[in-house]
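Below is one structure, written out as structure tokens; the observations come after it.
Nothing in this text is a laboratory measurement; each read-out follows from the coordinates by a stated rule. None of the values given here were measured: they were computed from a predicted structure. Here the Cβ is made from the backbone with ideal geometry for all residues, glycine too, and neighbour counts use every protein chain on show.
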Amino acid sequence: MKINIINDEKSFRFFFIEVCFPKIGRIKGINEWTDGFYDGFKISFPTEICFLMDHRGYWHFSLTLLGFGAKIVNQNGY
């Protein structure tokens with residue numbers, strides 16, 4: 001889920017909040033090497049703290065604990 005607060009396409013100003021959830025899903029596919037089928041499931045509970053900043057005012061902050069968290073991005077240029 002992503003919430004855009006500022007979305008100015010001309011000056012590339014962005015501020016958005018993205019809410020993260022654990023990823024749980026089923027995997028079904030074909031093995032390209034043996035032409036056999038496989039299926040299963042995948043569960044992902046990432047944990048992350050990330051803060052990035054540059055001299056032009058771009059900053060990125062994300063906090064995720066066991067799959068639940070938020071990503072806040074403020075971008076004022078490329």
- Item | Count of Lys pairs (Cα-Cα under 27 Å; at least 8 positions apart or interchain) in the range 2-75 | 9
- P(r) of the range 2-75 over all Cα-Cα pairs, 5 Å bins starting at 0, rounded to whole percent, reads 4, 13, 15, 15, 13, 11, 10, 9, 7, 3, 0
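If I take R0 = 30 Å and measure r between the Cβ atoms of Trp33 and Phe68 in this structure, what FRET efficiency does the formula 1/(1 + (r/R0)^6) give, to the nearest 0.05? It would help to have the intermediate numbers written out before the result.
On the way: r = 37 Å, r/R0 = 1.22.
For R0 = 30 Å, the calculated efficiency reads 0.25.
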- Item | Inter-probe distance in nm under a simple model that places probes 7 Å from Cα toward Cβ, at Trp59 and Arg13 | 1.7 nm
